[in-house]
Amino acid sequence: EAGVAQSPRYKIIEKRQSVAFWCNPISGHATLYWYQQILGQGPKLLIQFQNNGVVDDSQLPKDRFSAERLKGVDSTLKIQPAKLEDSAVYLCASSSTRGRVVNEQFFGPGTRLTVL
Amino acid sequence: GESVGLHLPTLSVQEGDNSIINCAYSNSASDYFIWYKQESGKGPQFIIDIRSNMDKRQGQRVTVLLNKTVKHLSLQIAATQPGDSAVYFCAEKGKLGGYQKVTFGTGTKLQVIP
């Protein structure tokens, strides 16, 4: 079974530029998550999708961050404009919601963003 | 507010010894507590979870203990191996409206000494 795919793996941009990240979850997983992980910290949830609907985006800085999952499969996360403090690893994860309670989230390798 | 945190940021253990990684939580309404392992350059990987109405759960070489009285969670790794070297995160899962939200703690780095 293929895992969660993310691209690019690394990105370096200047502040005030824009950047987009792409995620393809595990096939059949209805729930998709975007996390921000700053060095030395645990992942912080930015947005959670259930199919193509947003479940939770309370910690998404909506003035500069946006995310979509139009067809309920893959997703993009965009930052426009980027700030220095956005330097972090952006993790995508997916999970299944079928039947029994499922606590396991499957994470992609992440995109390491450096804002100069 | 809600928080999940760890007592020790770094833990060094001799290969073959048992490891104990601790975590404190504050949200007594959480339904599940979950442990993840994150190796360098990779995303977190699920290890084991425990429901809030349990106090112990065992997996392969790992045991999670939950003490709701003091809001404390621990992960025990038996016969620690070099491949166990990683950062370990505890996380709690609770209801957010009609859905479940997972909140991660800050992590403990486990270093296995050969």
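The values are calculated or read from the model by the stated rules, or taken from the named source; none is laboratory data. As the structure is a prediction and not an experimental result, all values here were calculated from the model. Note: ideal-geometry Cβ built from the backbone for every residue, glycine included; neighbour counts use all protein chains shown. Just the protein is used for accessible areas: all its heavy atoms, side chains included, with ligands, DNA and RNA removed. Shrake-Rupley method; radii C 1.70, N 1.55, O 1.52, S 1.80 Å.
Here are the numbers:
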item	result
Calculated log₁₀ intensity ratio I(q)/I(0) where the Debye formula runs over C-alpha points of the stretch B:4-113, q = 0.17 Å⁻¹	-0.75
The protein assembly as shown, accessible surface, carbon-and-sulfur percent (1.4 angstrom probe)	48 percent
Residue-span extension gain [B:GLN111 to B:ALA79] - 0.36 nm each, minus C-alpha spacing	10.2 nm
Separation between Cα centres of the stretch A:52-69 and the stretch B:49-98, rounded to whole Å	29 Å
Two-site FRET efficiency, B:ASN53 against B:ILE20, from Cβ-Cβ distance with R₀ of 25 Å, rounded to 0.05	0.65
Amide H contacts of A:ASP56 (H built 1.01 Å from N, under 5 Å, at least 5 apart or other chain)	A:GLN48
Tail beyond 20 Å, pair distance distribution of the stretch A:39-105 (Cα, percent)	34 percent
Rough spin-label spacing in nm, given labels placed 7 Å along Cα→Cβ, for A:ASN51 and B:LYS68	3.4 nm
Karplus 3J(HN,Hα) series, Hz, for the stretch B:107-113 with 6.51 cos²θ - 1.76 cosθ + 1.60 (x for Gly, Pro)	x, 10, 8, 9, 10, 9, 8
The protein assembly as shown - Rg and Dmax from Cα coordinates, angstrom	17.7, 50
The stretch B:38-79 - Rg over Rh from alpha carbon coordinates, Kirkwood radius	1.04
Which of B:LYS101, B:LYS71 is most accessible, then next, and so on - probe 1.4 Å	B:LYS71, B:LYS101
Kirkwood hydrodynamic radius over Cα pairs of chain A, then Stokes diffusion coefficient at 20 °C and 1.002 mPa s, in µm²/s	151 µm²/s
